[in-house]
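No lab work stands behind these numbers, since they all come straight from the coordinates. Remember, it's a predicted structure, so these values are computed and weren't measured experimentally. Cβ atoms come from the backbone with ideal geometry, glycine included; neighbour counts cover every protein chain shown.
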Amino acid sequence: MIMFQLFINREEELELLEERFRSGKPEFIVMYGRRRVGKTELAVHFIKNKPGVYFLSEEKRYSDNLDEMKRAAADFLKDDEFYLIGFENWVQMFKGFYERIKKRTVIVIDEFPYLVQENRGMPSEFQKIWDMHLSRSENIMLILVGSAIGMMEELLGRKSPLFGRRTGQLEIKPVDIFQVGKFLPGYDMENCIKVYGCSDGIPLYLRQFDTKLTVFENIKNSFFRRDAPLYSEAEFLMRQEFREPANYFLILKAISFGHTKQNEIVNYTGIDKSIISKYIQNLEEIRVIRREYPVTEKKEMRKSARYAFSDNYFRFWFRFVYPNRTLIERGAEAAFEVMKKEYNTYLGGIFEKAAKEFLWKAHPINFTNLGKWWHKREEIDIVAVNDNLREIFFFECKWRDLKEGTARKILDELKEKSNPVDWNNDNRKEHFGVIAKYIENKNMLIKDGYFAYDLDDFSKV
């Protein structure tokens with residue numbers, strides 16, 4: 001039986017799927033994303049009021065998965081005899097199913113990588129299923145879902161038997177900071193950012209928070225107890241992805257403590273530099289970290305690359321939980337108290353991420369790209385550029401309340417820091433701004449030609 005939970009958000013993804021359902025053509029969609037991001041919930045919600053078959057693959061034998069899929073198909077067809085047919089493979093089973101359906105039907109195969117893991121020939125079988133049967137029917141919408149991002153993207157690659165077969169693909173990403181509030185009615189934007197700092201936009205994690213409690217009470221209940229739901233989650237997810245996660249743990253701990261260049265990670269972890277690139281690449285594939293370059297750099301040079309967490313949950317866990325597991329196991333309050341003391345500082349980096357999402361979502365300025373900029377010891381939180389108009393925007397982000405005088409001082413310092421930024425130096429128009437929790441006399445700064453945004457602007461998005 002499929003269980004339907006309270007479904008929040010995902011309007012854009014649902015509309016894309018609905019559009020495909022209404023297309024009147026055979027559709028083959030590949031849907032993937034990191035574990036817990038809500039792929040299954042989305043797929044189940046999508047087929048809730050449609051003719052559809054949902055099948056969850058498991059780590060079991062080929063014949064057992066085939067047998068269970070046959071049962072799901074028989075239940076949909078209301079045909080017990082279908083289940084008794086001795087299909088030898090998935091191609092035969094899909095052929096039999098395809099011949100019996102009379103109306104537009106959605107078929108969802110969840111955790112498809114488990115089928116591939118058990119039988120590497122499954123992509124070839126599904127190539128035959130699509131080419132010989134499903135692609136010829138206007139009644140079919142096939143959706144393959146998977147959490148093993150690397151494998152799912154491999155299925156889309158040129159070397160895969162399924163290359164060129166899909167009619168669409170959809171990477172399901174965490175919800176952004178402006179959708180977090182839908183899960184947390186009663187929390188204001190400041191509290192939402194505090195929650196976002198440890199849960200990211202993962203729906204399952206956001207549902208652990210009770211808005212009748214303070215943010216810190218929720219964090220304590222969710223992370224800093226042996227039986228807490230998010231206490232061992234990171235370890236579980238890493239062991240799901242990697243057989244020997246020890247080196248991955250070391251790398252993520254290094255990044256969480258500010259060692260963000262590859263040579264710094266090598267020095268901190270002691271992992272040989274000849275093999276560390278592969279570990280880092282694997283972490284990038286599962287969307288835990290991302291590689292960053294100065295936004296104005298025309299050619300991405302390895303020596304200027306930095307690594308940052310793309311997932312706030314892992315960032316928080318490796319910064320505050322992983323190094324203190326002995327204390328937490330013993331029931332000591334010390335680890336929680338350290339986190340509570342340092343959390344406001346930690347949120348500085350989280351607020352930068354939220355500020356970038358604000359600029360992308362609200363688009364209050366006209367830019368074509370944005371990111372961080374750094375050179376030697378100089379660093380600017382956000383630099384946005386418009387290549388067509390040759391405009392460049394410099395922003396400093398401050399996770400605190402700013403008086404007008406302090407904001408103006410920050411802007412003056414920002415102008416000085418912007419001088420070394422190498423981008424259309426001979427012909428560019430410069431703009432400067434500040435983004436903070438609260439800015440006193442914000443309109444006076446705007447009147448003087450600056451950009452100024454605070455949480456009040458975030459809340460209007």
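The three principal axes of the Cα atoms in the chain give end-to-end lengths of 79, 57, 50 Å, sorted in falling order. Under the combined filter of DSSP loop state and at most 15 neighbouring Cβ atoms within 10 Å, region 331-431 retains these trypsin sites (Lys or Arg not before Pro): LYS376, ARG377, ARG390, LYS403, ARG428.
Given 0.36 nm per residue, what is the gain on full extension from ASN263 to ARG330 after removing their alpha carbon distance, in nm? Each step should come with its number before you reach the end.
Working: separation 67, 0.36 × 67 = 24.12 nm, distance 3.53 nm.
Using 0.36 nm per residue and subtracting the Cα-Cα distance, I get 20.6 nm.
Within a straight-line Cα-Cα reach of under 13 Å, LYS159 cannot be paired with any aspartates and glutamates, leaving aside sequence neighbours fewer than 8 residues apart in one chain. Here's the list of aspartates and glutamates a cross-link from LYS447 could span, going by alpha-carbon distance under 19 Å and ignoring same-chain residues fewer than 8 apart: GLU396, GLU404, ASP412, GLU430, ASP456, ASP457.
Take every DSSP beta bridge with both residues inside the chain and express the antiparallel ones as a percent of the total, to the nearest 5.
Working: 15 of 48 bridges.
Taking every DSSP beta bridge with both residues in the chain, the antiparallel ones total about 30 percent.
FRET efficiency for the pair MET132 and LYS361, taken as 1/(1 + (r/R0)^6) with r the Cβ-Cβ distance and R0 = 60 Å, rounds to 0.85. In a reduced charge model with +1 at each Lys and Arg Cβ and -1 at each Asp and Glu Cβ, region 363-459 shows a dipole moment near 120 debye about its Cα centre.
Can you give the FRET efficiency to the nearest 0.05 for SER232 and GLU285, using r as the Cβ-Cβ distance and R₀ = 25 Å? That pair, SER232 with GLU285, gives E of 0.65.
Would you please state the base-10 log of I(q)/I(0) at q = 0.15, 0.16, 0.19 1/Å for region 363-459, with intensities from the Debye formula using one equal scatterer on every alpha carbon? These q points yield log10 I(q)/I(0) values of -0.58, -0.66, -0.92. Taking θ as phi - 60°, what are the ³J(HN,Hα) couplings along region 182-190 by the Karplus curve (6.51, -1.76, 1.60), each to the nearest whole Hz, with x for Gly and Pro? Values per residue, Gly and Pro as x: 5, 7, 10, x, x, 8, 7, 4, 4 Hz.
Of LYS95/LYS128; LYS60/LYS173; LYS194/LYS353; LYS220/LYS398; LYS194/LYS261, which ones are farther than 18 Å apart at the Cα?
LYS60/LYS173; LYS220/LYS398; LYS194/LYS261
Along region 166-175 the Karplus relation, 6.51 cos²θ - 1.76 cosθ + 1.60 evaluated at θ = phi - 60°, assigns HN-Hα couplings of 4, 9, x, 9, 8, 8, 8, 10, x, 5 Hz to successive residues, with x for each Gly and Pro. Amide hydrogen proximity for LEU142: with H placed 1.01 Å from N in the peptide plane, the residues at 5 or more positions away or on another chain lying under 5 Å are GLU27, PHE28, ILE29, ILE107.
When only the Cβ of Lys, Arg, Asp and Glu is charged (+1, +1, -1, -1), the dipole of region 61-153 relative to its Cα centre reaches about 360 debye. Taking 25 °C and 0.890 mPa s as conditions, region 177-349 diffuses translationally at an estimated 144 µm²/s according to Stokes-Einstein applied to its Kirkwood radius (Cα pairs). Dipole magnitude for the chain: about 460 debye, using +1 per Lys or Arg Cβ and -1 per Asp or Glu Cβ, origin at the Cα centre. The GluC sites (Glu not before Pro) of region 30-119 meeting both criteria, a DSSP state outside H, G, I, E and B (loop) and at most 16 other C-beta atoms within 10 angstrom of the site's C-beta, are GLU58, GLU59, GLU88.
Between the listed residues PHE223, PHE236, ASN247, the Cα displaced farthest toward the positive end of the dipole of region 190-256, a dipole computed from Cβ unit charges relative to the Cα centre, is found at PHE223. Our compactness index for region 100-241, the C-alpha radius of gyration over the empirical 2.2 N^0.38 Å, is 1.40. Placing a pseudo-label 7 Å from each Cα along the Cα-to-Cβ vector at GLU337 and LEU204 gives an inter-label distance of 3.4 nm.
Label-to-label distance, GLU11 versus ASN425, with points set 7 angstrom from Cα along the beta-carbon direction: 4.7 nm. Counting other Cβ atoms within 10 Å as a rough exposure proxy, the listed residues THR105, THR406 run THR406, THR105 from fewest neighbours to most.
On average over all directions, what projected area in square nanometres does region 11-171 have, based on the convex hull of its Cα atoms? Please report the intermediate quantities before stating the final value.
Values: hull surface 34.5 nm².
Computed as one quarter of the Cα hull surface, the answer is 8.6 nm².
Each Cα pair under 8 Å and six or more residues apart adds its sequence gap; the mean of these over the residue count of region 363-459 is a relative contact order of 24 percent. For region 1-72, the alpha-carbon coordinates run over 36, 30, 22 Å along the three principal axes, in decreasing order. Taking trypsin sites (Lys or Arg not before Pro) across region 137-216, the ones in a DSSP loop with at most 11 further Cβ atoms lying within 10 angstrom of their Cβ are ARG158, LYS159, LYS212.
So what's region 132-199 giving for Cα Rg divided by 2.2 N^0.38 Å, two decimals? Normalised Cα radius of gyration, region 132-199: 1.72.
Each label point was placed 7 Å from the Cα along the Cα-to-Cβ direction; for ASN388 and LYS48 their separation is 3.9 nm.
Provide the FRET efficiency to the nearest 0.05 for the ARG243-TYR62 pair, computing r from the beta carbons and using R0 = 22 Å.
On the way: r = 22 Å, r/R0 = 0.98.
The calculated FRET efficiency here is 0.55.
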